[in-house]
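Each reported figure results from applying straightforward, stated rules to the coordinates on display, with no laboratory input. Quick caveat, the model's predicted, so the values are computed rather than measured. A quick note on method: Cβ atoms are made from the backbone with ideal geometry, for glycine too, and the neighbour counts reach across all protein chains shown.
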Amino acid sequence: MSSRKNAVITGAGRGIGAKIALRLAEDGFNVALNDLNADALEETAKACREKGVEADIFPCDVSKHDECEEIVKKIKARFGTIDVLVNNAGITRDGLLARMSEENYDLVIAVNQKSIFNMMKHCCAVMMKQRSGKVINVSSVAGLHGNAGQFNYSASKAAVIGMTKSAAKEFGSRGITVNAVAPGFIQTPMTDALTEEQKQAILNLIAMKRYGTVEEVAGVVSFLAGDDSAYVTGQIIEISGGLSM
Ligand code: NAP
């Protein structure tokens, strides 16, 4: 087995998760990549292998507890240790509360919130035996400050913050750190879809007067996954260009 450290990244088929996987591969981590879609994952795995590390794919639906238990067993068998877990997979089903269906509420909570329980429960069991590990959860500014039209999403991302702080307290003495990042408006297909008027209204609120990039999110995750953040735990790092000052 390789002497490199091993990182698990969920939702790594595209977007922020794919960029985090690539950045951690550049940092020298072998990567265990999860997503719903195996084809997209293969693309990410190939790009990571080109950085000289080992990369394998473990597709599953992270909202399903049994599926997560199964892939964590496979990842442990394949890589030996789990040194970093990045819980990045997430979805939106936006709409005003008055018109939000129960189905869209439950789905967003399952994918964005229960997935954190599912993956942390099994990965942290491995980390506890190692007496080391780093968990990085992807929350959102919507979880910190709320957002009209995102009742379900904000609830799920606020829960991620509570889970991060609780787990940091539970695992601190075992050498495991647990932190979260809270991205603001990041340049992705999601933000590309906004109207010019919406974009301008958002930019007016951002101190730096621009959107963030996926590379800028991956850079903060890289810091939290690396040795320089050894004494940082239970923290929520906002990556928003000064959206909420
Ligand atoms: P994205 O482009 O939609 O990527 C999300 C990835 O997660 C996709 O590859 C998706 O797979 C995967 N995924 C969805 N449901 C899953 C499930 N049940 N099991 C496993 N994988 C699943 O989104 P993104 O913009 O990169 O966002 C990544 C994270 O950052 C999310 O947690 C999001 O809430 C958070 N965030 C994003 C922004 C932003 O501005 N983009 C801001 C704040 C926070 P498929 O492609 O197969 O659906």
(message) Starting from a Cα-only point model with no solvent, please compute log10 I(q)/I(0) by Debye for the chain at q = 0.12 1/Å.
(response) -0.64
(request) For each of LYS76, LYS134, LYS199, count neighbouring Cβ atoms within 10 Å of the residue's Cβ, then give the residues from fewest to most. (result) LYS199, LYS76, LYS134
(request) Work out the length of the dipole vector of the chain about its Cα centre, built from +1 on the beta-carbon of each Lys and Arg and -1 on the beta-carbon of each Asp and Glu, and round it to the nearest 20 debye. (result) 740 debye
(message) Explain nothing, just the number: relative contact order of segment 1-129, from Cα pairs under 8 Å at least 6 residues apart, as a whole percent.
(response) 26 percent
(message) At a threshold of 8 angstrom on Cα-Cα distance, excluding pairs fewer than six apart, so keeping six or more, what relative contact order does segment 103-207 reach in percent?
(response) 30 percent
(request) For VAL86, list long-range residues whose amide hydrogen, built 1.01 Å from N in the peptide plane, is under 5 Å from its own amide hydrogen. (result) VAL8, ILE9, THR10, ILE136
(message) Given contacts defined as C-alpha pairs under 8 Å and at least six residues apart, what's the relative contact order of segment 145-245, whole-number percent?
(response) 39 percent
(request) Would you calculate the separation in nanometres between label points at ARG131 and ASP94, each defined as 7 Å from the Cα along the Cα-to-beta-carbon direction? (result) 4.8 nm
(request) Using only alpha carbon positions, build the gyration tensor of segment 11-137, then give the equivalent ellipsoid semi-axes as the square roots of 5 times its eigenvalues, largest first, whole angstrom. (result) 26, 18, 12
(request) Return one number: the angle in degrees, 0 to 90 and rounded to the nearest 10, between the long axis of the Cα atoms of helix 214-225 and the longest principal axis of the Cα atoms of the chain. (result) 40 degrees
(message) Neighbour counts of other C-beta atoms within 10 Å: give me LEU41, LEU203 arranged from fewest to most.
(response) LEU203, LEU41
(request) Rank GLN198, GLN187, ALA225 by how far each Cα sits towards the positive end of the charge dipole of segment 150-245 (+1 on Lys, Arg Cβ; -1 on Asp, Glu Cβ) and give me just the farthest. (result) ALA225
(request) Using +1 at the Cβ of each Lys and Arg and -1 at the Cβ of each Asp and Glu in segment 48-137, identify which of HIS65, ALA89, PHE79 lies farthest towards the dipole's positive end. (result) PHE79
(message) Considering only C-alpha atoms, what is the centroid distance from segment 63-102 to segment 188-211, in Å?
(response) 28 Å
(request) Working from Cα positions, state the angle (0 to 90°, nearest 10) between the long axis of helix 151-171 and the longest principal axis of the chain. (result) 40 degrees
(message) Set the bar at 18 Å for Cα to Cα. Now go through LYS5/LYS121; LYS19/LYS73; LYS19/LYS46; LYS73/LYS129; LYS76/LYS169 and name every pair that lies beyond it.
(response) LYS5/LYS121; LYS19/LYS73; LYS76/LYS169
(request) Extending each Cα 7 Å along its Cβ direction at MET190 and ASP106, get the distance between those two points in nm, one decimal. (result) 2.3 nm
(request) Mind pulling the angle between the C-alpha long axis of helix 38-49 and the longest principal axis of the chain? Nearest 10 degrees, somewhere in 0 to 90. (result) 60 degrees
(request) Please build a GNM for the chain, connecting alpha carbons under 10 Å apart, and tell me which residue among CYS48, CYS60, CYS123 fluctuates the most. (result) CYS60
